[in-house]
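First up is the structure itself, then whatever we jot down about it.
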Amino acid sequence: MSRSTRKLILPGTIAALIVATVLLAPLLPLQDVRGMDIPNRFAGPSAGHWLGQDDFGRDVLSRLIWGGRASLFIAVGSAIFAAIIGTALGLLGGYFRGAVELVTVRAAEIILCLPPLLLALLVVTILGAGTWPLVLALTILYTPNYTRVVYAATQQVRGLDFVTAQRSMGTHPMKILVRTILPNVLPPLLVQMSLVVASAMVIESGLSFLGLGVVPPTPSWGLMIRSARGAMEVAPLLLVWPSLALAGTILTFNLLCDRLQSALDPRAVTAGGALWLRPRSAAAKKPATPVEADADAPLLEIRDMSIAVRDMELVRRVSLTVRPGETVALVGESGSGKTLTGLAMTGLLPDTLRVTGGTAHYTTREGKAVDLAKLDEEGIRALRGDEVSMVFQDAAAALNPVLRIGEQVAEAIRAHHDLEGDALQTRVVELLRHVGIPDPEQRVRAYPHELSGGQRQRAMIAVAVANNPRLLIADEPTTALDPTIQAQILQLFAQLKRDTPGMGMIFVTHDLAVVAEIADRVTVMYAGEVVEEGPVAEVFERPRHPYTAALIASVPEGGAERLTAIPGSVPSPRQMPSGCRFAPRCAFATERCTANPPKAEHPAPGRVTRCFHWETVT
Amino acid sequence: MLRYIATRSLVALFLVWIVVSVVFLLLHLIPGDPAELLLSQGNVAADPQAVAALREQMGLNAPLWQQYIDHMTGVLTGDLGASFRDGAPVIEQIALRLPRTLEVILAASLIATGIGVPLGTYAAIRADGKADAVISFFASASLSTPVFVVGSVVILIFAQKLQWLPAGGFTPFSEDPLEHLQLLLLPACTVALSLLAVITRMSRASVLEVLQRDYVRTARAKGLPRNPILRRHVVRNALIPVLTVLGLEMGTLIGGTVLVEFVFNWPGLSGYLVAAVDARDYPEVVGIVMTISVLFVFLNLVVDVVNALLDPRISLVR
């Protein structure tokens with residue numbers, strides 16, 4: 001039994017108890033509901049009257065139970081009637097669409113435009129007070145709820161293969177609706193049902209409280225509260241009991257609805273918050289004390305870094321070095337772990353992922369060595385956007401839609417510098433001009449959606465280079481763009497490299513053509529591992545890993561006669577091959593490859609490959 | 001932006017026309033004679049002479065189109081007819097009582113938003129923790145307690161037992177501002193409680209959703225500290241759906257403060273409606289329902305415009 005199903009037990013049991021109690025009311029050894037006992041009016045709890053007596057000396061407990069019977073009868077009754085009518089309308093509207101949809105679904109939705117209590121009052125105006133007018137009013141009120149739910153579900157189910165198949169086989173629509181679609185829409189109906197019972201009780205008790213609902217002497221919780229208000233000074237408990245009963249019952253049904261929902265649709269449960277907002281949480285790492293870096297230390301040296309979600313390793317023992325002024329391309333298919341490696345360098349990994357091993361030594365502007373993988377949130381925040389910056393793939397999503405471009409760039413500067421007013425504004429305009437946004441004086445006031453895709457990516461880059469970072473991590477910055485715009489953005493990166501010679505760059509991409517254009521060195525990743533590394537020209541000239549070779553062969557501009565696609569797909573982290581991870585897709589694979597994982601080899605100075613057969617790869 | 005507001009206003013005007021027409025048709029197309037329906041109580045048949053007189057008074061003998069034109073002219077010139085009970089123009093009572101109802105709703109919305117947004121944001125930040133569980137349960141409990149129960153219990157505690165505040169009643173602001181506010185406090189807080197629950201839940205869900213967005217990650221990538229990220233990027237974006245819900249809830253409340261006004265003896269529009277329904281005073285009921293529906297439409301327009309101001313993308317979509 002899953003956790004969400006277990007959580008159903010409590011409200012389910014209480015709801016069942018409440019329903020059983022009111023159903024069994026005639027059989028329970030209760031005092032007469034209408035038996036008055038004027039001399040003992042407002043008497044407190046006693047052996048004969050556990051909850052005391054009311055303003056007419058009637059037994060409160062028995063009125064409470066019988067009152068619940070009336071309330072629940074009306075609420076459940078109208079919930080069922082509304083369910084039947086609403087489901088029928090929703091099924092018809094969702095299945096047939098067109099004119100049928102108009103007279104069923106859209107007509108029902110008009111009711112939703114009116115305040116609920118107002119609508120109930122209108123019906124009562126026309127029909128007068130009483131139990132049945134209430135049932136009718138509530139039925140009308142809640143029919144559209146079901147109609148909408150069933151309509152949406154029907155439309156979904158309607159498109160499924162097995163329904164289409166039945167339709168093409170000439171099955172009568174009525175039969176399809178009842179046999180196939182109805183069982184599929186039952187779960188959302190069940191949720192809706194408990195919700196409607198709860199809110200119908202709210203309206204019923206409210207109208208009864210106003211004297212427009214259940215007619216005395218029939219007991220009802222709303223009426224009991226109404227009369228208890230008059231005797232508040234003498235017997236405050238008379239107000240408390242029906243209030244507790246009413247609120248408790250409604251709460252039970254609401255909880256039942258909530259938990260039914262999460263039990264029936266586990267996806268609806270949201271991911272829990274964000275750990276970075278909780279600095280003192282368990283995820284916070286111990287701050288590392290900075291030490292002086294060696295004079296010739298590289299800008300960034302990742303050594304054997306692993307990233308895992310719980311016990312599942314997504315990135316395994318990755319090593320990567322970036323020297324000042326150098327551009328390293330990180331290449332691989334989706335799921336190879338290249339983006340995660342980039343995110344780990346800025347401490348922006350999703351909450352469920354953690355760096356589980358290895359180091360990422362970075363040399364700061366002051367010449368200190370810090371381990372980016374071990375810094376706490378505050379420590380890495382100070383570097384982020386200042387020394388280490390990131391350009392994201394989808395600028396449309398990565399820019400805040402409700403803030404002007406200028407503000408978003410200014411914010412990046414202000415996060416690390418005390419720049420205000422005109423000086424700040426001038427710097428922002430200068431940055432926008434630098435990244436090639438035309439008419440920057442005007443564009444600072446533009447919202448992201450007012451810019452073209454290419455200009456948005458330029459703005460994103462302006463944010464990233466606002467503080468002259470020493471390490472720029474670009475995560476597939478051209479993937480979401482048109483080919484012509486891609487070329488322009490690549491030129492911009494090339495220009496940035498020329499303008500800031502000391503800046504190191506990690507360029508994450510799956511596009512080898514881009515690598516050739518922008519990078520000095522390339523690191524190829526496959527299934528969470530580095531499989532090959534080396535200077536771009538050398539690797540392209542003579543790949544030392546079958547995967548790299550296959551990637552090069554699949555590039556259109558490669559000059560090859562025909563394009564070779566790599567058969568198969570990246571293995572899932574749950575089913576990693578025990579030997580070489582590429583072996584199942586590799587043309588060179590032998591028994592040795594599937595038996596043991598290959599170690600990193602050095603075919604030439606500055607080159608690394610993780611293949612047993614590197615010498616024979618072409 | 002201006003063009004957007006103009007189109008939305010036109011749509012709203014159209015909706016108002018529909019609403020007024022529907023209310024008119026309801027009155028005239030209900031099976032049976034409205035005059036007879038009005039005069040009969042339960043199963044007792046109405047006096048035919050009285051029915052005839054009422055038909056004449058209500059103008060029911062004219063052709064339907066004539067009645068429709070008269071009705072629409074009346075609505076346009078602010079003439080909603082005269083009350084059956086005392087013959088006074090319905091519009092006068094509405095003009096007197098509507099501001100009182102709006103006052104309660106506005107005060108409640110301010111209280112609920114002021115507390116609900118920070119509370120929901122806090123719950124989202126602490127999602128799945130103890131504080132979140134407590135806040136969520138509190139929200140469920142206040143959503144589950146009908147407003148008249150809250151009102152009655154609040155009176156029991158604050159007026160009866162502690163005697164801090166008056167149990168109910170109304171003093172015009174112009175007569176005694178302090179007493180007016182004292183009397184406003186309990187009804188406003190009562191309405192605010194359930195609204196607070198809605199806003200807390202909505203804020204929590206909305207903040208959780210926004211926290212997953214790419215632009216929040218960008219804000220972190222800039223190296224911004226936690227609070228500016230929350231303020232400028234998370235809460236600001238999360239507020240948009242919350243305000244939409246608040247607007248819709250306020251619309252529902254215009255017709256839904258009936259119970260609170262009854263409990264606290266607050267002479268607002270909804271209380272007037274209950275009395276009108278109780279007396280089956282048709283012109284009054286029609287006038288009030290129409291006013292509320294028109295306000296409801298208008299409020300939706302305001303919500304749309306405010307949303308467009310908060311989220312500049314909206315005004316571009318047609």
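No other residue among A:Pro535, A:Pro598, A:Pro546 is surrounded by fewer than 19 Cβ atoms within 10 Å (Cβ to Cβ) and either under 21 Å from A:Arg303 (Cβ atoms) or in the same structural domain as A:Ile473 (by TED's automatic domain parsing) (or both) apart from A:Pro535. Name the residues in region A:368-398 that are at pLDDT 85 or above and touching a Phe, Trp or Tyr at 6+ places or on another chain (Cβ under 6 Å), would you? Correct list: A:Val370, A:Leu372, A:Ala398.
Taken across region A:203-222, residues that are among the hydroxyl-bearing types (Ser, Thr, Tyr), in a helix (DSSP H, G or I), closer than 20 Å to A:Tyr142 by Cβ and facing chain B (nearest Cβ under 9 Å) do occur, with at least one present.
Within region B:276-304, residues that are touching a residue at least 40 places away in the same chain (Cβ under 8 Å) and closer than 18 Å to B:Thr101 by Cβ have Cβ atoms under 7 Å from residues that are part of a helix (DSSP H, G or I) and aromatic (Phe, Trp, Tyr) in these pairs: B:Ile288/B:Tyr272, counting only partners at least 6 apart in sequence or on another chain. The conditions of being within 30 Å of B:Leu98 (Cβ to Cβ), in a helix (DSSP H, G or I) and within 9 Å of another protein chain (Cβ to nearest Cβ) are met by B:Ile155.
The rows are residues; the columns are (1) in contact (Cβ under 8 Å) with a residue 40 or more places away in the chain; (2) in contact with a helix residue (DSSP H, G or I) (Cβ under 8 Å, 6 or more places away or on another chain); (3) more than 30 Å from A:Ala25 (Cα to Cα); (4) away from chain B (no Cβ under 14 Å).
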residue: A:Arg97; (1), (2), (3), (4): no, no, yes, yes
residue: A:Gly128; (1), (2), (3), (4): no, no, no, no
residue: A:Trp132; (1), (2), (3), (4): no, no, no, no
residue: A:Thr143; (1), (2), (3), (4): yes, yes, no, yes
residue: A:Tyr151; (1), (2), (3), (4): yes, yes, yes, yes
residue: A:Leu186; (1), (2), (3), (4): no, no, yes, yes
residue: A:Leu189; (1), (2), (3), (4): yes, yes, no, yes
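Checked against (1) in contact with a Phe, Trp or Tyr (Cβ under 6 Å, 6 or more places away or on another chain); (2) modelled with pLDDT of 85 or more, B:Ile115 passes all but a single condition, namely (1). Of the residues examined, A:Arg521 is not one that is over 24 Å from A:Ser336 (Cα atoms), charged (D, E, K, R) and at pLDDT 90 or above.
Quick check on region A:331-376: of everything there that is surrounded by 22 or more Cβ atoms within 10 Å (Cβ to Cβ) and in contact with a Lys or Arg (Cβ under 6 Å, 6 or more places away or on another chain), which residue is farthest from A:Val515 (Cα to Cα)? The extreme case among them is A:Thr346.
Taken as a whole, the condition of being in contact with an Asp or Glu (Cβ under 8 Å, 6 or more places away or on another chain) and of a type in the set (Phe, Trp, Tyr) applies to A:Tyr362. Scanning region B:38-67 for residues that are touching a helix residue (DSSP H, G or I) at 6+ places or on another chain (Cβ under 6 Å) and modelled with pLDDT of 75 or more, we see that the one that is surrounded by the most Cβ atoms within 10 Å (Cβ to Cβ) is B:Val51.
With respect to A:Ser208, determine if the residue is among the hydroxyl-bearing types (Ser, Thr, Tyr) and either over 22 Å from A:Gly86 (Cα atoms) or out of contact with any Leu (no Cβ under 9 Å at 6 or more places or on another chain) (or both). It is true that A:Ser208 is among the hydroxyl-bearing types (Ser, Thr, Tyr) and either over 22 Å from A:Gly86 (Cα atoms) or out of contact with any Leu (no Cβ under 9 Å at 6 or more places or on another chain) (or both).
Where helices (runs of 4 or more DSSP H) fall entirely within region B:234-318, those with at least 1 residues that are surrounded by fewer than 18 Cβ atoms within 10 Å (Cβ to Cβ) and more than 7 Å from every other protein chain (Cβ to nearest Cβ) are at B:236-256, B:269-279, B:282-310.
Filtering region B:138-148 for residues that are in contact (Cβ under 8 Å) with a residue 24 or more places away in the chain and more than 14 Å from chain A (Cβ to nearest Cβ) leaves an empty set. If you go through region A:255-309 and keep only what is assigned to a helix (DSSP H, G or I), at pLDDT below 60 and not hydrophobic (A, V, I, L, M, F, W, C), you end up with A:Pro266, A:Arg267.
When B:Leu196, B:Leu162, B:Leu185 are checked against the criterion of being of a type in the set (A, V, I, L, M, F, W, C), out of contact with any helix residue (DSSP H, G or I) (no Cβ under 7 Å at 6 or more places or on another chain) and more than 14 Å from every other protein chain (Cβ to nearest Cβ), a single residue qualifies: B:Leu185.
Rundown of residues vs (1) in contact with a strand residue (DSSP E or B) (Cβ under 7 Å, 6 or more places away or on another chain); (2) at pLDDT below 85; (3) under 30 Å from A:Leu348 (Cβ atoms), yes/no style:
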{"residue": "B:Val191", "(1), (2), (3)": "no, no, no"}
{"residue": "B:Leu208", "(1), (2), (3)": "no, no, yes"}
{"residue": "B:Arg217", "(1), (2), (3)": "no, no, yes"}
{"residue": "B:Arg232", "(1), (2), (3)": "no, no, yes"}
{"residue": "B:Ala238", "(1), (2), (3)": "no, no, yes"}
{"residue": "B:Val258", "(1), (2), (3)": "no, yes, no"}
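Whether any residue in region A:313-332 is in a loop (DSSP other than H, G, I, E, B), farther than 25 Å from A:Pro501 by Cβ and touching a Leu at 6+ places or on another chain (Cβ under 7 Å) is what I want to check. No, that holds for no residue.
The values are calculated or read from the model by the stated rules, or taken from the named source; none is laboratory data. Only a predicted model underlies this, so the values are computations on that prediction, with no experimental measurement involved. Note that each Cβ is placed from the backbone with ideal geometry, even for glycine, and that neighbours are counted across all protein chains shown.
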